[in-house]
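Student: Structure incoming, see below.
The values are calculated or read from the model by the stated rules, or taken from the named source; none is laboratory data. Keep in mind that this is a model prediction, so the values were computed, not measured. Neighbour counts are summed over all protein chains in view; Cβ atoms, including those assigned to glycine, are modelled from backbone coordinates with ideal geometry. In case anyone asks, the SASA skips ligands and DNA or RNA and just uses the protein heavy atoms, side chains included. Shrake-Rupley method; radii C 1.70, N 1.55, O 1.52, S 1.80 Å.
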Amino acid sequence: MPNESGSVYGLTILSPIIDDPHARISHDLQLRMHLGALPRGEDSPFAKVSSTHMARLTVMNDVVYVGMPACEEHLQSQYLVFESNFDGDLDTYLRRMATEIPDHVDSVWSHCIGYPGAGDVAAFESYMKKCQLTTTFYFADVNDKTVQQTLRALQTQAAVASFIERNQGKPAAELQNAFTKFLGKLRAAPDPRPGSGKDQSI
Amino acid sequence: MTNITGKTYAMNAITPMKPWKTWILRGFFFLLGHIKPLQADLVNLSFIHFARWVVIRRDSFPRLSAAQPAEDLQYDYLLFFSNFNGTWNQYIDAFSAVLGKGLNLVWFWSEKYPGAVPVTPFKQYIARVQFETDFYYTAYPHATTNDVKAAHRVQQALDTLADGSGNTSPAEFEQAYVRFLVSVQRDLGSTGLAPIGV
């Protein structure tokens with residue numbers, strides 16, 4: 001499947017934006033203002049859909065004219081671009097978007113033509129699939145680890161570095177004892193929160 | 001900057017292609033996808049988390065209702081999305097220097113593409129066809145691609161040490177611990193904020 005690399009799925013959505021000449025503020029501008037104000041860290045809506053590695057939303061106003069001798073042409077609609085890289089299959093991901101962050105999804109896609117709302121999950125899935133573009137070539141450098149596995153590994157990496165520093169030169173028995181305690185604490189630590197980027201001390 | 005979250009930069013670009021050329025490009029991507037050694041430079045660069053190219057036929061832009069005017073285009077379009085570490089300049093420099101030949105095979109079919117070398121017209125072209133990101137999220141903003149790979153190696157080595165350390169004597173544990181240290185010593189850099197550049 002061209003949209004997949006290993007266990008990671010690359011979703012590309014182009015949703016046409018409503019063109020309403022009577023709107024006080026055009027929908028593309030409303031969208032840009034809304035997207036610019038969305039939280040990006042651990043409070044981001046996509047942190048709640050925790051299988052998301054990376055995602056972006058942006059308004060594509062038009063195609064680009066590259067100069068003569070190319071022809072100049074323009075789009076009839078503006079499009080909302082949604083690009084996401086996530087674990088698992090598309091149906092599960094879209095269902096999670098509709099059920100776990102419905103208000104955020106509605107506040108973005110309500111500016112788009114034909115959007116049925118996240119309340120009707122089946123209609124939402126169908127709508128998103130109508131807007132989906134098939135990826136021609138998809139590259140994922142690490143394509144066999146989930147978001148949670150990666151966050152855990154990053155937590156482990158920081159904790160191990162700290163453990164090594166704290167226990168340099170200790171006698172073997174003391175080192176072994178400290179390692180056993182460290183391992184128990186590391187494994188009992190809560191899952192790191194997606195989007196936070198903070199190292200949790202163990 | 002909107003294109004950057006933590007250590008990762010979101011790049012978007014769109015270029016026009018004559019429709020007959022898109023089939024050649026699709027053929028190249030088919031080979032790239034199925035012959036893994038062709039991706040070696042992309043993997044070895046090791047600062048791209050995820051990247052994709054999407055060819056949109058001129059009559060395939062999503063149309064959701066009869067009221068939405070149909071697109072009337074002469075060109076097909078190539079969309080490029082990348083999630084990479086470092087600054088825009090570093091990225092384009094590396095693309096030009098390391099992946100120049102490969103990139104030429106991808107963008108040669110786009111109108112007015114100047115080639116990846118020399119780098120100045122290449123940068124001017126990319127700047128012209130790039131459009132900005134309004135919202136960007138990453139689950140691990142403080143980690144680069146290399147950090148992620150290193151962290152998984154540390155995790156695997158730690159799991160191996162833990163599995164083998166159950167009923168060992170302190171002396172045996174110490175030996176295993178030293179072997180563990182040697183195996184992970186290059187992978188212990190800490191993550192954190194990166195300086196912002198352009």
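Student: For a quick check of your reading of the model, give me the residue pairs whose first member lies in the stretch B:115-131 and is within 9 Å of another protein chain (Cβ to nearest Cβ), whose second is open to solvent by 20 Å² or more (accessible area, probe 1.4 Å) and among the aromatic types (Phe, Trp, Tyr), with beta-carbon atoms closer than 8 Å and at least 6 apart or on different chains.
Tutor: B:Tyr125/B:Tyr113
Student: Can you work out which of the residues in the stretch A:18-44 that are assigned to a helix (DSSP H, G or I) and in contact (Cβ under 8 Å) with a residue 60 or more places away in the chain is farthest from the chain's Cα centre (by Cα)?
Tutor: Out of the qualifying residues, it is A:His27.
Student: Hey, among the residues in the stretch B:31-43 that are within 20 Å of B:Val148 (Cα to Cα) and free of Cβ contacts under 8 Å to residues at least 24 places away in the same chain, which one's most open to solvent (accessible area, probe 1.4 Å)?
Tutor: B:Val43
Student: Using beta carbons and a limit of 7 Å, which pairs, at least six apart or on different chains, have the first residue in the stretch A:1-17 and closer than 19 Å to A:Gly114 by Cα and the second one of a type in the set (Gly, Ala, Ser)?
Tutor: Correct list of pairs: A:Pro16/A:Ser77; A:Ile17/A:Ser77.
Student: It is to be established whether one or more residues within the stretch A:141-162 are facing chain B (nearest Cβ under 10 Å), in a helix (DSSP H, G or I), free of Cβ contacts under 8 Å to residues at least 24 places away in the same chain and open to solvent by 60 Å² or more (accessible area, probe 1.4 Å).
Tutor: For the stretch A:141-162, residues facing chain B (nearest Cβ under 10 Å), in a helix (DSSP H, G or I), free of Cβ contacts under 8 Å to residues at least 24 places away in the same chain and open to solvent by 60 Å² or more (accessible area, probe 1.4 Å): present.
Student: Here are A:Val81, A:Val66: which of them is β-branched (Val, Ile, Thr), buried (at least 16 other Cβ atoms within 10 Å of the Cβ) and over 25 Å from the mean Cα position of the chain (by Cα)?
Tutor: A:Val66
Student: How about the stretch B:103-198: which helices (runs of 4 or more DSSP H) wholly inside it have at least 2 residues that are closer than 30 Å to B:Phe30 by Cβ and open to solvent by 10 Å² or more (accessible area, probe 1.4 Å)?
Tutor: Qualifying helices (runs of 4 or more DSSP H): B:119-129, B:145-164.
Conditions tested, residue by residue: (1) at negative phi; (2) touching a strand residue (DSSP E or B) at 6+ places or on another chain (Cβ under 8 Å).
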{"position": "A:Ala23", "(1), (2)": "yes, no"}
{"position": "A:His27", "(1), (2)": "yes, yes"}
{"position": "A:Asp43", "(1), (2)": "yes, no"}
{"position": "A:Met54", "(1), (2)": "yes, yes"}
{"position": "A:Met60", "(1), (2)": "yes, yes"}
{"position": "A:Gly67", "(1), (2)": "no, no"}
{"position": "A:Glu72", "(1), (2)": "yes, no"}
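Student: Can you tell me how many residues in the stretch B:46-78 are part of a strand (DSSP E or B) and not acidic (Asp, Glu)?
Tutor: 11
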